[in-house]
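Asker: Below you'll find the structure I mean.
The values are calculated or read from the model by the stated rules, or taken from the named source; none is laboratory data. Everything quoted here is computed from the prediction, not taken from an experiment. Ideal geometry is used to build each Cβ from the backbone, glycine not excepted, and the neighbour counts take in all protein chains shown.
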Amino acid sequence: MKLANIVKVLQGMSSEQATQIRREYVYKNNRLYRKVDDQLRFIVPTAMRWRVVRTYHDDMGHFAAEKTLDRLRNDFWFPKMRKYVKSYILACMECVYNKTVTGKAEGQLYIDTVKPIPFMRLHLDHVGSLPKTSRGNQYILGITDPFTKFTVLKAVRSVNTQPVIRALNELTSYFGLPAIVVTDRGTAFTSHNFAEYCKLNGIQHIQTAVRTPRANGSIERINQTVCKCLRASCVSDSDWDTAIRDIQWTLNTNTNATTKYSPNDLIFDFRLRDVVHNRLVQAIHDETNDSQESIDIRRERATKAIEAEQAKWKQRFNRQRKKPSQYQEGDLVVITNVAPSTGFSRKLEPRYRVPYVLGCCK
């Protein structure tokens, strides 16, 4: 029933309908009140609701919906108040710009299926800059195959494109051209020369989104391991590049936790001789007694192990996440404010940038 009709009933003659209304409403001093827990709450007319909610939300610290509702309910009442307050706060631009979203983060894990073919896809990345060695190297170029986990490490002087192309040419001279290479948006991979190299060799180049290193996680995990090994090694800052060869060998001969095989075991059908010159290993290693299962069986088992591990990752990750919001062309969105550090406190800066209109990529 409309509020005006309620007032008329309360002012009119006694009736069955008026009795029911009088149990819930009071008309006093030309104001209409609602009885709530034996207390009177002023009923806010439609035209005043926006101003009242604005006062209790904007002027009192931009608290969340429940806090704002608690304060409002002490003095006011109107139909569907909870829905109105929530809608108002969702549209409050000050809250949108300055408040971080709590609760489960949006976005569930997307599993990129790895084809069980060695070197069909390669992940590339640079580590550095590191202390300059006596040979002038300051960076490490890492290349890894996401199926076998086979990794190539190259100490390089710069993050230019030419050292990357030389390393790829050397690798592909043994194992053939990949169908796909995945990189971040570093200058070595966004250059015209690298684009021409990929085009000439029929390679699809996939670049990860800005500030999402997890999209290139295969090589990022290798980078972490390499840095950990270099820190723990006894080599000096001017000679760290001399340890790269042994680290690469160890990565490729250690059993991988996911595949349950070493990268070498998924590429070669024979056991390679150890290159770290461990005399004890060489003394007890009798190549004639090696009896390994066929490489096809190893690869099949590795594929199943990868799929099983990915399913576990997905289940574990999604347990703490929720499905992403769906957007349409023309929607207004805000973007996280990731302004570079200036040395000054950024605690009071807006968390998000001004709204953008979603367009359609063609």
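Asker: Does Asp265 fit the bill of being farther than 29 Å from Leu109 by Cα, among the acidic types (Asp, Glu), out of contact with any Asp or Glu (no Cβ under 9 Å at 6 or more places or on another chain) and at pLDDT 75 or above?
Answerer: yes
Asker: Ok, one more. Go through the stretch 166-232 and tell me which helices (runs of 4 or more DSSP H), entirely inside it, have 2 or more residues that are surrounded by 12 or more Cβ atoms within 10 Å (Cβ to Cβ) and small (Gly, Ala, Ser).
Answerer: In the stretch 166-232, 217-232 are the helices (runs of 4 or more DSSP H) which contain 2 or more residues that are surrounded by 12 or more Cβ atoms within 10 Å (Cβ to Cβ) and small (Gly, Ala, Ser).
Asker: Which one of Pro350, Pro340 is surrounded by 12 or more Cβ atoms within 10 Å (Cβ to Cβ), modelled with pLDDT under 75 and either out of contact with any His (no Cβ under 7 Å at 6 or more places or on another chain) or outside any loop (DSSP other than H, G, I, E, B) (or both)?
Answerer: Pro350
Asker: When both residues are 6+ apart or on different chains and their Cβ atoms are under 6 Å apart, which pairs have a first residue that lies in the stretch 220-246 and is over 17 Å from Arg157 (Cα atoms), and a second that is exposed (fewer than 15 other Cβ atoms within 10 Å of the Cβ)?
Answerer: Glu220/Pro213; Asp246/Val276
Asker: Restricting to the stretch 209-237, name every residue that is modelled with pLDDT under 85, under 26 Å from the mean Cα position of the chain (by Cα) and among the hydroxyl-bearing types (Ser, Thr, Tyr).
Answerer: Of everything in the stretch 209-237, those that are modelled with pLDDT under 85, under 26 Å from the mean Cα position of the chain (by Cα) and among the hydroxyl-bearing types (Ser, Thr, Tyr) turn out to be Thr212, Ser218.
Asker: For the stretch 125-134, indicate whether the set of residues that are touching a strand residue (DSSP E or B) at 6+ places or on another chain (Cβ under 9 Å), surrounded by 14 or more Cβ atoms within 10 Å (Cβ to Cβ) and of a type in the set (D, E, K, R) is non-empty.
Answerer: Taking every residue of the stretch 125-134 in turn, at least one turns out to be touching a strand residue (DSSP E or B) at 6+ places or on another chain (Cβ under 9 Å), surrounded by 14 or more Cβ atoms within 10 Å (Cβ to Cβ) and of a type in the set (D, E, K, R).
Asker: Just give me the residues in the stretch 154-165 being farther than 30 Å from Ile111 by Cα and buried (at least 20 other Cβ atoms within 10 Å of the Cβ), in sequence order.
Answerer: Ala155, Val156
Asker: Can Met120 be described as touching a residue at least 60 places away in the same chain (Cβ under 8 Å), over 30 Å from Trp240 (Cβ atoms) and surrounded by 15 or more Cβ atoms within 10 Å (Cβ to Cβ)?
Answerer: yes
Asker: Collect the residues in the stretch 197-208 that are within 25 Å of Gln138 (Cβ to Cβ) and over 28 Å from the mean Cα position of the chain (by Cα), keeping them in residue-number order.
Answerer: The answer is Tyr197, and nothing else.
Asker: Within the stretch 233-268, count every residue that is part of a loop (DSSP other than H, G, I, E, B), of a type outside the set (Gly, Ala, Ser) and closer than 22 Å to Ser129 by Cβ.
Answerer: 2
Asker: Among the listed residues Thr144, Thr151, identify the single one that is modelled with pLDDT of 90 or more, surrounded by 17 or more Cβ atoms within 10 Å (Cβ to Cβ), under 22 Å from the mean Cα position of the chain (by Cα) and in the same structural domain as Thr250 (by TED's automatic domain parsing).
Answerer: Unique residue meeting the criteria: Thr144.
Asker: I'd like to know if the stretch 125-145 contains one or more residues that are within 30 Å of Ser325 (Cβ to Cβ) and out of contact with any Gly (no Cβ under 8 Å at 6 or more places or on another chain).
Answerer: no
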